[in-house]
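Accompanying notes for the structure given below.
No value in this document is a laboratory result; all are computed from the given coordinates. A quick note: this is a predicted structure, and the numbers were derived from the prediction, not measured. Cβ sites come from the backbone with ideal geometry, for glycine too, and all protein chains shown count toward neighbours.
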Protein chains: 2
Amino acid sequence: MTTIQSRIRQNKYKITPQRQAVLKVLSAAIQPLSPAEVHKLVQADKPATGMATVYRSLQLLAELGLICELHTAGNCHRYLLKRIDSHHHHLICSGCGQVVHVEGCGLKEITENLSRQTGFAIDTHLLEFIGRCRNCQKGIGKV
Amino acid sequence: MTTIQSRIRQNKYKITPQRQAVLKVLSAAIQPLSPAEVHKLVQADKPATGMATVYRSLQLLAELGLICELHTAGNCHRYLLKRIDSHHHHLICSGCGQVVHVEGCGLKEITENLSRQTGFAIDTHLLEFIGRCRNCQKGIGKV
DNA sequence: CTCAGTGCAAAGTCTTTGCACTCGT
DNA sequence: ACGAGTGCAAAGACTTTGCACTGAG
């Protein structure tokens with residue numbers, strides 16, 4: 001938490017109660033949240049907070065690499081606090097939305113090959129696994 | 001092309017000039033197109049075509065698995081004809097948007113491990129490589 | 001004290017929907 | 001001929017922006 005704040009300060013942005021509230025909400029969340037959900041949860045804390053501020057905060061935090069932006073099927077954008085600094089991905093349950101962290105992906109080699117073959121400078125990759133958790137397989141979350 | 005049409009027919013949907021036009025545009029495209037781009041290109045062929053029809057066609061074709069939906073950074077949704085029936089992914093240039101097909105990804109093993117560890121039934125994964133093509137590395141597409 | 005950050009409301013985008021008409025089958 | 005599919009325009013969702021005010025540094 002303190003590291004996060006110092007990262008914000010380092011980049012010459014201010015630490016405002018609103019930004020803290022957004023971070024708090026995201027750090028308490030187990031599953032990724034949409035901007036609207038973040039807004040609702042932030043309002044429990046700071047009722048006056050506007051939607052625009054939530055968007056601006058999410059944008060800032062994503063820019064600083066403090067949170068991840070996920071692309072899910074229906075509700076396209078969802079955000080998640082980056083808990084681990086290492087390279088990782090997410091396994092997302094399509095039933096209930098729960099997220100599991102996945103360490104490593106073994107794509108280093110394929111990335112290097114691709115780069116060699118195509119001449120692309122490959123910056124990153126977007127990888128998400130989509131499935132159904134144990135509960136949702138039992139038909140609970142059948143959407 | 002004929003296989004595509006039969007796939008549409010199989011699912012009891014009609015083959016309309018508009019759907020054909022959307023398919024034609026996508027099959028002629030080298031890079032993935034946004035709905036708006038598809039619309040513009042379709043209009044060159046059938047000027048009366050409405051935006052709504054383009055959306056409905058894209059949705060239908062994606063549902064039938066005939067086209068891929070990509071999640072890119074800025075303009076979130078873009079569509080691409082599925083040229084190859086095998087499992088594949090895309091390498092996308094963040095400068096000019098050009099797309100390279102990537103065969104295989106070596107994620108079978110990691111998927112199986114994940115499934116075992118987490119109890120998830122993993123249906124699929126979303127994988128895209130993001131980089132800059134040779135031209136854009138030369139600074140041409142510096143956005 | 002200053003200016004980045006905020007809240008609000010208005011303006012943009014992007015996407016979907018309702019409805020009468022058209023046209024593939 | 002029948003009903004899926006269409007075009008249009010309006011509605012809806014989501015996101016950004018302008019502007020005066022507030023408060024973090």
Next on the checklist: Looking only at chain A, where both bridge partners belong to it, what percent of the DSSP beta bridges are antiparallel (to the nearest 5)?
Outcome noted: 75 percent
Next on the checklist: So for region B:1-88, if I pair up every lysine 8 or more residues apart or on another chain, how many of those pairs have alpha-carbons under 21 Å apart?
Outcome noted: 9
Checklist entry - Between region A:102-118 and region B:1-51, how many Å separate their Cα centres? => result 34 Å
Next on the checklist: Let me check against my output: what whole-number percent is the relative contact order of chain B, with C-alpha pairs under 8 Å and at least 6 apart?
Outcome noted: 19 percent
Checklist outcome for this item: Taking a ≥ b ≥ c as the square roots of the Cα gyration tensor eigenvalues, with a/c under 1.5 meaning rounded and otherwise prolate when a/b beats b/c or oblate if not, chain B comes out oblate
Checklist entry - If the label for A:THR16 sits 7 angstrom from Cα along the Cα-to-Cβ line, what are its distances to the same label in every other copy, in nm to one decimal, shortest first? => result 4.7
Checklist entry - Using a label position 7 Å from Cα in the Cα→Cβ direction, what is the ascending list of nm distances from B:GLN59 to the same site in the other copies? => result 2.9
Checklist entry - A:THR2 label points, 7 Å along Cα→Cβ, one per copy: pairwise distances from this copy to the rest in nm, shortest first? => result 7.2
Checklist entry - Rounded to the nearest 500 deg cm²/dmol, what is the calculated helix-only ellipticity per residue at 222 nm for chain B, with -39500 (n - 2.57) per DSSP H run of length n ≥ 4? => result -12500 deg cm²/dmol
Checklist entry - Given springs between every Cα pair under 10 Å in a Gaussian network model of chain A, which of A:LEU23, A:LEU60, A:LEU81 has the largest fluctuation? => result A:LEU60
Checklist entry - Can you list residues whose amide H is under 5 Å from B:LYS82's amide H, if they're 5+ apart or on another chain and H is modeled 1.01 Å from N? => result B:ILE67, B:CYS68
Next on the checklist: Let me check the size of the protein assembly as shown from its C-alpha atoms; what are the radius of gyration and Dmax in Å?
Outcome noted: 20.9, 60
Item to check | Tensor-based shape of region A:1-45 (alpha-carbon gyration tensor, a/c under 1.5 rounded, otherwise prolate or oblate) | outcome: prolate
Checklist outcome for this item: Counting other chain Cβ atoms within 10 Å of each Cβ in B:103-115 and taking the mean gives 3
Item to check | Nearest residue to the symmetry axis between B and A, taken on chain B by its Cβ, in whole Å | outcome: B:HIS71, 2
Checklist entry - Do you know the relative contact order of region A:22-69, to the nearest whole percent, from alpha carbon pairs under 8 angstrom that are 6+ apart? => result 31 percent
Next on the checklist: Taking the number of other C-beta atoms within 10 Å as the exposure measure, put B:LYS12, A:LYS46 in order starting with the fewest.
Outcome noted: B:LYS12, A:LYS46
